[in-house]
Amino acid sequence: MSKKLLFPLFLLTTIIMIYIFFIKSSQGDYEILYTYEPEERELAIEQESKKYKIAVVPKQHNIPYFRAVEKGAIDAAEELEMELIYQGPALADSDLQISTIQEIMDQNVDLIAVSAIDPNKLAPVLKEAQNKGIEVITWDSDVLSSSRSFFINMVNPETLGRHLMDMMALTMDDHGDFAIITGSASAANINEWLKWIKIQHEEYYPNMNLVEVVPTDDNPAKAYEIAIDLMKEYPDLKGVIGNSSVGPPAAAQAVMDLGKKGEVSVVGLSSPSEMKGYLNNGAAQVSTLWSPEKLGYLTVSLSKQLLEGEYPNDLQDVPNVGRIQVKGDTVIMGEPIDFTKENVDQYDF
Amino acid sequence: MISKLIAPFKNYRFTSKLMITYILLTVIPMAFLGYISYNQYTKSIEQQAGENYPKLLRQAKMNIDQQLSEIQKLNELLYSSSTIMSILRTEEYQNQSALLRDQFEMNTYLSRTFLSGIHSDILAVFVQSNDRLFHSTRVPLVEEVNSTNLQHISYNRAIPFYETELRFEGDIPYLMLEREIIDFDNRESLGTMYIVVDIRFVDRVIQDISEKADVWIMDHNQRFIYHTDQEKIGRIYDEIKRIPVFNGSFKTLSEEDNKVMSVSQSEKNDWTFVHSIQTKYLTEQTNLVRNVTIIFFIVFVLISAIISILLAWNVTKPIHQLKLLMKDVEKGNFNVDLSMNSKDEVGMLAKSFNSMVYRIKELIRINYQTGLRQKEAELYALQSQINPHFMYNTLETISMSVEEGETDSVVEMVALLGQMLRYSLSNKDEVVPITTEVSHIKDYLIIQKYRFEERLSFKVEEKIDISLYNTPKFILQPIVENAIKYTIERNELANVTIIIAKETFDAGEETIVFRIVDNGPGIPPDKLKYLETLLKDDPMTKKSSSFGLLNVHARIAIMFGDNYGITINSHENMGTEIEIRIPVLDRLKEEVVES
């Protein structure tokens, strides 16, 4: 290689190296190495813009329990921006309920949530709704599992049934005659509780005697008559369990009216607002229930969640409701609350 | 410009040039390669870190978010106690003692439930409900908590300490998590629960990635919510005005302290998680590689330098030797020998140099010595032409003849002497026709005959036409002088015969031969041998009695080469025959050439 060529070559190499060095340091302040997109969670928000229309159907419309449910449901629908139809039969009659559902089906709803009076009778109409593309869930009282997506149960029926029996026994000192005033004979939830009351009775309380189980069809007037009749028929009667919300107030009123305060104790499922007076004056001892408003709220919340394509999860924290449990296709809202003379003032439903 | 830069390089010694060239040729590519590969290696490590750290950071971010939301959910523990719920539901008190009892109950519960081990990072718990304030703290507050320094801000995010007015002793940085207490049964709000968490819980979450690195969390105003350097918490991050990526990583390109910064954004709290590590820590492992590379590089450079030096030396050593020898030769010393066995260009050069020096030496010798001898010969010839001894003898002879009155003889002798002197003086031509030379020797012999009278007889035999050929001047006289001198010394009668003939020399070459035969005492063998060696050797070295003879021989040899000259043929007491051999110098041809 000629010397004349070598030196310029050397110079050139040096210049290139310097150039590379300077190019590198003059590219700005940063050099981006890696980027990634954060998780996409905006999709759900977009869907929210669609306003769902749902229908919540109680067993009957005009008893305090279902009116409390309605209140919760309306709150939820407002907060979650949904259109809500809360419509039920005037009487707890399954035929009336069926026609109510049929009426609702024509109103172009996305979902129907039913508290079933008679699971068997309701099955065809719910199937029909499902075939129309309407989602069906049940709350408070279930139907056959094939006719709905899931069932929202307030409490575990076994827990509740055994607890009611325990409360009865506690007030009767574990022995004596007692009767059960139940709701409609066909309602699935009530029959389930009744089953567990009887089991608990057989297992633990041999000195107690169940004299009669009388249905009331959730009619307050009828319930009162039945209570009066029971106490007259069984003078040694020591206690009454009201197995549906109309039972305990009717029984307590009968105790008062017959002057049997202290003789006959009354426990059962009923709301604190209905029982407050009886608990305070000693006509009733313990009322057990859950928050029906919470039940209404939860029903609407889970309806929306289902419409958005998400099944309820076990231990899910539902806003304004708390944690729920999911067992199979049944949602359990929580634990039952006992209302007594001491705490009944804390509750406003 | 380049030529100016090259100029000094041009003047370097060849060895240096070669060495520089070799070293540059090996070092530059190697340095370049090494630099590039080290750079690439570093870059790929940075790239790897740039991909890994964001993932780890994101993991940490999710972990922190989850821990925070878990802590926030701790307020659900309140729901499990009916006593607590009952206290919370109470709106009015009949008397002060009932309120204080509830407060005691509540504070105890809070302390028992939240501050005893569930989560050791919880500093304090406050519950605000219906104008009541329940609290339990692990670390004392600087100022008692009240409704002015504890106010609801947001349920949706964790609130950094600098947005609140609560201060703990020791200025512990914290996060406040607020959550509404809801009475699910009555479906109404019961108040707010505040859980204060020591921000240092983050230390544990990020300990895997915080080694040698800075990790911090800052809000949308770039204010540090958390920093591995606790001093900085609460200050504003101002090193970089605008972070170029939200989720990912980048590298700063400043003069020094370059960092790989990974960023992850938490949507929930609008926080930015940053992990910043100086590249020098990342490339720590590469430093070993770099050092080893550098050591290898240095060793290699040394080896290649040594090799290049050896190579350059090997190439330039003979050249250097040549240079020194040339300098010697330049100074005039031709007795040099560059012995080199290699057959490469340098070897060939040395060989050429050797032969060139030899040739020069030879030429110098020949030119110098020939010139010198010629000058000496000419000087001698001049001397001999006007030999004072001869002049004296001749003038003596003339004088005697004048005394005896031999006028004719005197006239002839003076004329002859004049002719001889003219011949001697007409010195222009080196060669003359043989006729002229012969007539000159005849003049000489006639003059001598006048001197020695009957004692000398001579004869000139011309076997060729001597007017056709040339001969160098004064080749006969010294020989004839010697012949007469030695012969007259010993003999009464001296016979000198000059024969001029054309003879064929051994290689078939035609030569002209002058043969001077005398009847003298001959030359003794040892003397003859000595003379012969003198003739063969350098005939001009010594001045001796045979100087005339040697001078003639030398002149002829110088003019025509060693093949020509004098041959002596002599036996003691039998006379001497001296043979002068010259090449055939054809006068006609020479004239043609001259014209």
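Annotations for the structure displayed:
- Matching residues, the stretch A:319-331, being within 30 Å of A:V344 (Cβ to Cβ) and more than 9 Å from every other protein chain (Cβ to nearest Cβ): A:I324, A:Q325, A:T330, A:V331
- Of residues in the stretch B:129-166 being touching a Gly at 6+ places or on another chain (Cβ under 8 Å) and in a loop (DSSP other than H, G, I, E, B), the one nearest to B:R200 (Cα to Cα): B:V139
- Any pair with Cβ under 9 angstrom, 6 or more apart, that starts in the stretch A:311-323 at a residue that is surrounded by fewer than 15 Cβ atoms within 10 Å (Cβ to Cβ) and ends at one that is polar (S, T, N, Q) and not in a strand (DSSP E or B): A:Y311/A:S149; A:Y311/A:Q305; A:P319/A:S301
- Members of the stretch A:74-89 that are within 11 Å of another protein chain (Cβ to nearest Cβ) and crowded, with 20+ Cβ neighbours inside 10 Å: A:A76
- No other residue among B:N95, B:N75 is under 30 Å from B:W271 (Cα atoms) and in the same structural domain as B:V205 (by TED's automatic domain parsing) apart from B:N75.
- Among the numbered conditions (1) at the interface with another protein chain (Cβ under 9 Å from one of its Cβ atoms); (2) in contact (Cβ under 8 Å) with a residue 40 or more places away in the chain; (3) under 30 Å from A:M17 (Cα atoms), the only one that B:Q47 does not meet is (2).
- Within the stretch A:5-21, residues that are at the interface with chain B (Cβ under 9 Å from one of its Cβ atoms) sit with their Cβ atoms under 8 Å from residues that are modelled with pLDDT under 75, at 6+ positions apart or across chains, in these pairs: A:F7/B:I2; A:F7/B:L5; A:F7/B:I6; A:F7/B:F9; A:P8/B:I2; A:L11/B:I2; A:L11/B:L5.
- Enumerated helices (runs of 4 or more DSSP H) restricted to the stretch A:204-294, each holding at least 3 residues that are within 14 Å of chain B (Cβ to nearest Cβ) and buried (at least 22 other Cβ atoms within 10 Å of the Cβ): none
- Here A:Q47 clears all of (1) away from every other protein chain (no Cβ under 14 Å); (2) assigned to a helix (DSSP H, G or I); (3) at pLDDT 90 or above except the condition numbered (3).
- Scanning the stretch B:248-268 for residues that are touching a Leu at 6+ places or on another chain (Cβ under 8 Å) and farther than 23 Å from B:N39 by Cα gives B:V263, B:S264.
- So B:S111, is it outside any helix (DSSP H, G or I) and away from chain A (no Cβ under 14 Å): no
- Checking B:I434 against (1) without any contact (Cβ under 8 Å) to a residue 60 or more places away in the chain; (2) surrounded by 12 or more Cβ atoms within 10 Å (Cβ to Cβ), the condition it does not meet: (1)
- Across the stretch B:151-171, the qualifying residues are those that are in contact with a strand residue (DSSP E or B) (Cβ under 6 Å, 6 or more places away or on another chain) and not aromatic (F, W, Y), and the one among them that is surrounded by the fewest Cβ atoms within 10 Å (Cβ to Cβ) is B:H152.
- Applying the criterion of at least 2 residues that are within 11 Å of chain A (Cβ to nearest Cβ) and over 24 Å from B:Q67 (Cβ atoms) to the strands (runs of 3 or more DSSP E) found wholly in the stretch B:242-289 leaves B:248-252, B:259-266.
- The set of residues in the stretch B:90-104 being surrounded by 15 or more Cβ atoms within 10 Å (Cβ to Cβ) and either in contact with a helix residue (DSSP H, G or I) (Cβ under 7 Å, 6 or more places away or on another chain) or within 13 Å of another protein chain (Cβ to nearest Cβ) (or both) consists of B:T90, B:D102.
- Condition met for B:E509 (loosely packed, with under 14 Cβ neighbours inside 10 Å, farther than 26 Å from B:V414 by Cα and touching a helix residue (DSSP H, G or I) at 6+ places or on another chain (Cβ under 7 Å)): no
- Residue check for B:V315: surrounded by 15 or more Cβ atoms within 10 Å (Cβ to Cβ), of a type in the set (V, I, T) and farther than 30 Å from A:Y34 by Cα: yes
- Against the conditions (1) of a type in the set (D, E, K, R); (2) in the same structural domain as B:I236 (by TED's automatic domain parsing); (3) exposed (fewer than 13 other Cβ atoms within 10 Å of the Cβ), B:K268 satisfies every one except (3).
- Of all residues in the stretch A:97-107, those satisfying the criterion of being crowded, with 16+ Cβ neighbours inside 10 Å and either charged (D, E, K, R) or over 18 Å from A:S303 (Cα atoms) (or both) are A:Q97, A:I98, A:T100.
- For the stretch B:167-190, the tally of residues that are part of a loop (DSSP other than H, G, I, E, B) and without any contact (Cβ under 8 Å) to a residue 40 or more places away in the chain stands at 6.
- Residue match in the stretch B:6-29 (condition: hydrophobic (A, V, I, L, M, F, W, C), under 21 Å from the mean Cα position of the chain (by Cα) and exposed (fewer than 15 other Cβ atoms within 10 Å of the Cβ)): yes
- The set of residues from the stretch B:24-44 being under 19 Å from B:A305 (Cβ atoms) and either of a type in the set (G, A, S) or more than 8 Å from chain A (Cβ to nearest Cβ) (or both) comprises B:L25, B:T26, B:V27, B:P29, B:M30, B:A31, B:L33, B:G34.
- Selected residue (criterion: nearest to B:V215 (Cα to Cα)) from residues of the stretch B:50-60 that are more than 10 Å from chain A (Cβ to nearest Cβ) and more than 54 Å from the chain's Cα centre (by Cα): B:L57
- Within the stretch A:305-316, one or more residues are within 14 Å of chain B (Cβ to nearest Cβ) and either in contact with a helix residue (DSSP H, G or I) (Cβ under 7 Å, 6 or more places away or on another chain) or part of a loop (DSSP other than H, G, I, E, B) (or both).
- For A:A254: the one exception among (1) at pLDDT below 90; (2) in contact with a helix residue (DSSP H, G or I) (Cβ under 6 Å, 6 or more places away or on another chain): (1)
- Looking only at the stretch A:52-73, and only at residues there that are assigned to a helix (DSSP H, G or I) and aliphatic (A, V, I, L, M), the one that is surrounded by the fewest Cβ atoms within 10 Å (Cβ to Cβ): A:A68
- Selection status of B:I87, crowded, with 16+ Cβ neighbours inside 10 Å, in a helix (DSSP H, G or I), within 11 Å of chain A (Cβ to nearest Cβ) and touching an Asp or Glu at 6+ places or on another chain (Cβ under 9 Å): yes
- Flag for B:N186 being under 30 Å from B:R89 (Cα atoms), modelled with pLDDT under 85, surrounded by fewer than 21 Cβ atoms within 10 Å (Cβ to Cβ) and within 14 Å of chain A (Cβ to nearest Cβ): yes
The values are calculated or read from the model by the stated rules, or taken from the named source; none is laboratory data. Please read these numbers as outputs of a predicted model, since none were measured by experiment. Here Cβ is always computed from backbone atoms with ideal geometry, including for glycine, and neighbour counts include all displayed protein chains.
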